[in-house]
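This report refers to the structure that appears directly beneath it.
What follows draws every value from the coordinates through simple rules; no lab data is involved. All of these numbers come straight from a predicted model, not from anything done at the bench. Ideal geometry is used to build each Cβ from the backbone, glycine not excepted, and the neighbour counts take in all protein chains shown.
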Amino acid sequence: MQKLAFVIAALVLAASPVLAQQSSTSGAKPQASAEQSTAAKEYDASMQAMHKGMMAAQDTDADRAWALKMIEHHRGGVAMSEILIKRGDDAEAKKMAQKTIDAQKKEIAELEDWLTRHGGRPKQ
C-alpha cells in the first residue's frame, strides 16, 4: 500500500504540468481549479519534506538506517494522504487515503518500536 501511495503521488506531481499545459492550449475547459493548484503545492511541499527527512535519517548500521528512512517515507505517505482528504473530491479516493494513513501510522509505530529495541535513535 505504501508503494501505491508513493506511485500515485509521483504520478499526480508528474502529470500536473502536462494537464495544465493541455488545458491552456487546447481551448478546453481548464481542469485545474484553485483547490487543485493548492493541493499540488501542498503535495510538492510534503514530498520535499519527506525527501529531506529521508536524506537526514542516517545511521552507520544498515538496518537502523533503513528503519529511520522508512519512518520518514511513511510520514510522507501520511502527509500526502491528509492532503487528499482535505482537498480531494472523490469519496473512494478519500477512503483509500484514510486506509493509507491508518496503515502507515501502524508501520511507523512498528518501526519506532523496533528502533527502541535496537538502541533507539542516533544522537544528533
**Message:** Going by average Cβ density within 10 Å per residue, which order do the peptides 77-87, 99-109 take, highest to lowest?
**Reply:** 77-87, 99-109
**Integer Hz, Karplus 6.51/-1.76/1.60 couplings in order for the range 50-67, x for Gly and Pro** = 4, 5, 4, x, 5, 5, 7, 6, 10, 7, 6, 8, 4, 5, 5, 4, 4, 4
**Prompt:** If you project the alpha carbons of the range 38-124 onto their three principal axes, what span does each projection cover, largest first, in Å?
**Reply:** 43, 23, 16
**Prompt:** Among the listed pairs Lys41/Lys69; Lys95/Lys123; Lys41/Lys123, which are separated by more than 30 Å between their Cα atoms?
**Reply:** Lys95/Lys123; Lys41/Lys123
